[in-house]
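Read through the structure below, which is laid out as structure tokens, and then see the notes.
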Amino acid sequence: LWLASAAVAGDVAFVTCQNGDGVSVIDLETQEERARWSVPGKPAGVAAAPDAVFTVAPDAKIVRRHDPATGNVAAQITLDGGPIGIAHDPVRTRVFVSDWYNARIWVLNAGTLRIETELTTGAAPAGLALSPDRRFLASADRDADQVSIYNATTLALHARVDVGLRPFGLAFAPDGRLFVANVGSNDVSVIGCLLYTSPSP
């Protein structure tokens, strides 16, 4: 599903490679590879923070918390389903992981990776993203042709928005707009001010 995915923390990027069962640590100034970590299980999603790097390995169904300096695994959990996308909320010390097969998002404790709760999504959730102000979590529900948006504090569903065909990856811009890549219709949907209004009754 993803040949490569990247997350940035400080002056380095962490790039997963499914075919290579690894994560490359890239120096953003020199654009050279500083290190390469072995991550079995075809790693796909990745999220980075100053004190941790989180990876999702769909083939092994394992989510890992790595030491960003060494790549050593500090915690891990096996999730029964189809883990694929990941997002990290440093404010509430949570990690969100999408379940491709069961239309849900696992909410994990960022330190222990224990499951705290689950959120219901549309079919085949893939990419996840947290808004710059940490208010909202967005999920690209590929087989539902929609994006689900949650309040990141309460975890309540905020809105569901129809987009193009087969949304897969998504990312927030600094101004709060959400860009959604639709792999079925070969276009990008842009969701704007809806995020900052209350849902209709």
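The values are calculated or read from the model by the stated rules, or taken from the named source; none is laboratory data. Fair warning: this is a prediction, and the values are worked out from it, not measured in the lab. For neighbour counting, all protein chains shown are included, and Cβ atoms are generated from backbone atoms with ideal geometry for every residue, glycine included. In case anyone asks, the SASA skips ligands and DNA or RNA and just uses the protein heavy atoms, side chains included. Shrake-Rupley method; radii C 1.70, N 1.55, O 1.52, S 1.80 Å.
The table that follows gives values for the structure above.
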item: The range 13-43, residues that are over 22 Å from P83 (Cα atoms) and touching a residue at least 40 places away in the same chain (Cβ under 8 Å); result: V25
item: Every residue from the range 73-86 that is touching a residue at least 24 places away in the same chain (Cβ under 8 Å) and open to solvent by 10 Å² or more (accessible area, probe 1.4 Å); result: A75, Q76, I77, I86
item: Some residue of the range 73-93 being basic (K, R), part of a loop (DSSP other than H, G, I, E, B) and modelled with pLDDT of 95 or more; result: yes
item: Strands (runs of 3 or more DSSP E) contained in the range 138-201 and holding at least 2 residues β-branched (V, I, T), at pLDDT 95 or above and open to solvent by less than 30 Å² (accessible area, probe 1.4 Å); result: 146-151
item: Residue list for the range 57-72, filter: of a type in the set (V, I, T) and either open to solvent by 10 Å² or more (accessible area, probe 1.4 Å) or not in a strand (DSSP E or B) (or both); result: I62, T70
item: All positions within the range 23-56 that are assigned to a loop (DSSP other than H, G, I, E, B), of a type outside the set (D, E), under 15 Å from T70 (Cβ atoms) and open to solvent by 40 Å² or more (accessible area, probe 1.4 Å); result: P50
item: The range 13-51, residues that are in contact with an Asp or Glu (Cβ under 7 Å, 6 or more places away or on another chain) and basic (K, R); result: R34, K42
item: Selection within the range 96-129 - farther than 20 Å from F168 by Cβ, in a strand (DSSP E or B) and open to solvent by less than 30 Å² (accessible area, probe 1.4 Å); result: V107, L108
item: Meets criteria (within 13 Å of the chain's Cα centre (by Cα) and modelled with pLDDT under 95) for A126; result: no
